[in-house]
1. Can you tell me which residue is surrounded by the most Cβ atoms within 10 Å (Cβ to Cβ) among those in the stretch 206-263 that are over 22 Å from residue 300 (Cα atoms) and in contact with a Gly (Cβ under 8 Å, 6 or more places away or on another chain)?
2. Please specify each residue of the stretch 129-175 satisfying the condition of being within 24 Å of the chain's Cα centre (by Cα) and in a strand (DSSP E or B).
3. Confirm whether residue 195 is buried (at least 20 other Cβ atoms within 10 Å of the Cβ), in contact with a Lys or Arg (Cβ under 7 Å, 6 or more places away or on another chain) and part of a strand (DSSP E or B).
4. Residues being surrounded by 14 or more Cβ atoms within 10 Å (Cβ to Cβ) and part of a loop (DSSP other than H, G, I, E, B): count how many of those fall in the stretch 269-287.
5. Kindly evaluate residue 147 against the criterion of being surrounded by fewer than 19 Cβ atoms within 10 Å (Cβ to Cβ), touching a strand residue (DSSP E or B) at 6+ places or on another chain (Cβ under 9 Å) and of a type in the set (Asp, Glu).
6. Any idea which residue in the stretch 61-119 is modelled with the lowest pLDDT, counting only those that are of a type in the set (A, V, I, L, M) and surrounded by fewer than 14 Cβ atoms within 10 Å (Cβ to Cβ)?
7. Taking the stretch 132-178, which residues are over 23 Å from residue 68 (Cα atoms) and among the charged types (D, E, K, R)?
8. Which of the residues belonging to the stretch 119-143 are closer than 22 Å to residue 37 by Cβ and either of a type in the set (Lys, Arg) or free of Cβ contacts under 8 Å to residues at least 24 places away in the same chain (or both)?
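The values are calculated or read from the model by the stated rules, or taken from the named source; none is laboratory data. Everything numeric here is computed off the predicted structure, so don't read it as measured data. Methodologically, a virtual Cβ is constructed for each residue, glycine included, from the backbone with ideal geometry; neighbour enumeration extends over all protein chains shown.
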Amino acid sequence: MLCERADAKDLAKYEKEYACETKLDGTRAFIIKDADGKISIIGRKRANGHQSNYAVEHNLPEVEAIANALPPDSWLDNELVAFDENGRVNRTLCQRRCSTTSAWKVSALSRQIPVYAYAFDVLRIGGKDLTKVPYFKRKEQLKGLVESLKLQRLLYLPFALRGFKEMFDKEQEGVVLKKIWSPYIPKRCSYWVKVKKMADEIVTVVGFTNGEGKCEGLFGSLVCVDDEGKYVCNVGGGFTDAERQQLTAILRKLEHPLHPRYISEVGDPYTPVKDCPFKLVLTYQEKTELGHRFAPRMKTIKYT
């Protein structure tokens, strides 16, 4: 189940029919134990504007232990998080844990940077399908399961039914609103709405990556730098189909046989462009330790 977006100014209108949960800054993951006892931990990642799944059970022994403790044929929806030295949720540390595959590094990091699973929803418990059960009833069953297991690394994510604005103001990343009577649907819909704390910035486009899937033949993301020429992010979200087609036509004419200066930051091959005639107004969540913009999204196109 995926979230639609909303603005903080609209929080009050959701209080009659929605519950409010903390939006944690970690890695979304399903913790699964099938009917035969086989376990899986499936994370989600985003690249070039596309979401994809990947297995992390061998990278996270402490989360693997949670899966082993579940009743057979159970499926939890969770946010995996790691904490920094100040006790704040740190996305970079969690990503490091999820991406580390070397056995000896996994063993060492599991002690240095433990990962916790905040369970926020449940699809199955002990062979019982709960996807058609209303949200607040699923939460009751999830809370009971978490409390019965008594696992240090498995935590229940609570919810509030009022005071959404106050909750949003004090949270690190934002909140997620969930319709109280909603079933669990495996797609994006208005039953779940995320409200994130964001900042705006004007950036310059210096290149593009090639799109895949429905974006094949168009750009996948735009390589962006700040006023000082420092790489800040790739942005692939926020564009309409018409905008993507229009900008691709412009960018193709600006392709330049330069060495891709920002290849180490971008990570994927990209095509440099010169003298781009438009800038982008981005909205993003925060700056990373490297100065990159996290969760960027195109807000406005400004032609120069």
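1. 262
2. Once the filter is applied, which keeps residues that are within 24 Å of the chain's Cα centre (by Cα) and in a strand (DSSP E or B), the stretch 129-175 yields 154, 155, 156, 160, 174, 175.
3. no
4. Residues in the stretch 269-287 being surrounded by 14 or more Cβ atoms within 10 Å (Cβ to Cβ) and part of a loop (DSSP other than H, G, I, E, B): 3 in total.
5. Taking the combined requirement at face value, the residue satisfies it.
6. 103
7. 132, 137, 162, 165, 166, 169, 170, 171, 173, 178
8. Within the stretch 119-143, 124, 128, 129, 141 meet the criteria.
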